[in-house]
Amino acid sequence: MLVIVNPYATTVSDRLKNLVVYALQGRYQVEAVSTKAQNHATQICREAREEGYDVVVAFGGDGTLNEVANGLAGTDVPVSVLPGGSTNVVCRTLGIPNDVVDATEHLLGLADHFEPRKIDLGLASGRRFVFSCGAGLDATSARRVDANPRLKARAGRWFYTWAAVSGFYAEYLRRPVRMRVEVEGSEGSEGVTALAQNSDPFTYFGRQPIRVCEGASLDNGTLSLAVLRRAAQRDVPTIAARLLAEGMRLPHHRHIDHFEGITAARLESVSRDAEGRIRPFPVQVDGDFIGEYGELDLGIEPGALTVVA
């Protein structure tokens, strides 16, 4: 077993890492490697492809798992997860406990019931994602959160809420970057934010699942996509209510276009600055900000990642 540890993840510490590794050694032969920089986990996994590991464990948040997935996509090396982030969306989606002690016990039990399965990976201009890719407001929030790791660790979901609200008022009420969304087999849409999902839910607010798209699943070979057509203050209460209330569906909001069962889409900025240059939009994958793009191609790789949970 190879355990890839993100020492900068919200709940990970040297003491916790040592305790987890010691416990896992009761059933597995364990090698633990700590990441040192962004995308280091991807590099480690690419080098480990031919090393014969029975399982690679991502011990960190959703961003750590994203890097592991990008390094092991297309192989038969099984991947599992130990929760070390603030939200751990994929961990919960796969049915792994969100508490690291319970998750370690769960992983020990898998030794007796080792049944790997294949899941899909989304594509965002070559970058793979496990559960979501967002362009616009969602990515603006991710950029603000990533810039303040201490507040992310201390304030959790409340800091995410602040990042979303402050980002909306600072960057989206006036002159937001607008994008054209072209969807295979559809007329497409135009808006200020696009969110693609490869699984459901999109995220969690504490224990409350936040659902945006319908028809998203880790193993159905397609993506679901929601497009917010405009940024208007009067829309905030109704959108927030739908996100936080059980039984209400965001895709049915009158200012959101929804597409499901898609295998390809393209996002292009249609906004320009005073000099006539294209204004790029921010992009996040699996909750981590990855940069600004003038255009983005979305796709799906069915069965690209082997997982054990």
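Annotations for the structure displayed:
- In region 126-171, counting only helices (runs of 4 or more DSSP H) that sit wholly within it, the ones holding 2 or more residues that are modelled with pLDDT under 90, closer than 18 Å to PRO280 by Cα and in contact with a Phe, Trp or Tyr (Cβ under 6 Å, 6 or more places away or on another chain) span 137-146.
- Cβ-Cβ contacts under 8 Å between residues 6 or more apart (or on different chains), taken from a first residue in region 128-143 that is under 19 Å from ILE300 (Cβ atoms) to a second residue that is among the aromatic types (Phe, Trp, Tyr), are listed as PHE131/PHE202; SER132/PHE202; ALA135/PHE281; ALA135/TYR293.
- Among the candidates ALA264, ALA216, ALA231, residue that is modelled with pLDDT of 95 or more and crowded, with 17+ Cβ neighbours inside 10 Å: ALA216
- Restricting attention to region 263-293, the residues being in contact (Cβ under 8 Å) with a residue 12 or more places away in the chain and either in a strand (DSSP E or B) or in contact with a Lys or Arg (Cβ under 8 Å, 6 or more places away or on another chain) (or both) number 20.
- ARG92 in a strand (DSSP E or B), of a type in the set (Lys, Arg) and in contact (Cβ under 8 Å) with a residue 40 or more places away in the chain: no
- If the condition is being touching a residue at least 40 places away in the same chain (Cβ under 8 Å) and surrounded by fewer than 19 Cβ atoms within 10 Å (Cβ to Cβ), then region 29-52 contributes only GLU51.
- Here SER86 clears all of (1) in contact with a strand residue (DSSP E or B) (Cβ under 8 Å, 6 or more places away or on another chain); (2) within 28 Å of ASP146 (Cα to Cα); (3) not in a helix (DSSP H, G or I) except the condition numbered (1).
- Residue match in region 101-119 (condition: free of Cβ contacts under 8 Å to residues at least 24 places away in the same chain, part of a helix (DSSP H, G or I) and surrounded by 19 or more Cβ atoms within 10 Å (Cβ to Cβ)): yes
- If only residues of region 1-28 that are crowded, with 18+ Cβ neighbours inside 10 Å and polar (S, T, N, Q) are counted, the one that is nearest to GLY60 (Cα to Cα) is ASN6.
- Being in contact (Cβ under 8 Å) with a residue 24 or more places away in the chain and within 22 Å of the chain's Cα centre (by Cα) is a description that does not apply to GLY185.
- Check on GLY71, in the same structural domain as THR93 (by TED's automatic domain parsing) and touching a residue at least 12 places away in the same chain (Cβ under 8 Å): yes
- One residue from ARG242, ARG254, ARG207 being at pLDDT below 85, outside the structural domain of GLY63 (by TED's automatic domain parsing), under 22 Å from the mean Cα position of the chain (by Cα) and of a type in the set (D, E, K, R): ARG242
The values are calculated or read from the model by the stated rules, or taken from the named source; none is laboratory data. Computed from a predicted structure; not experimentally measured. Don't worry about glycine lacking a Cβ; one is built from the backbone with ideal geometry, like all the others, and counts go over all protein chains shown.
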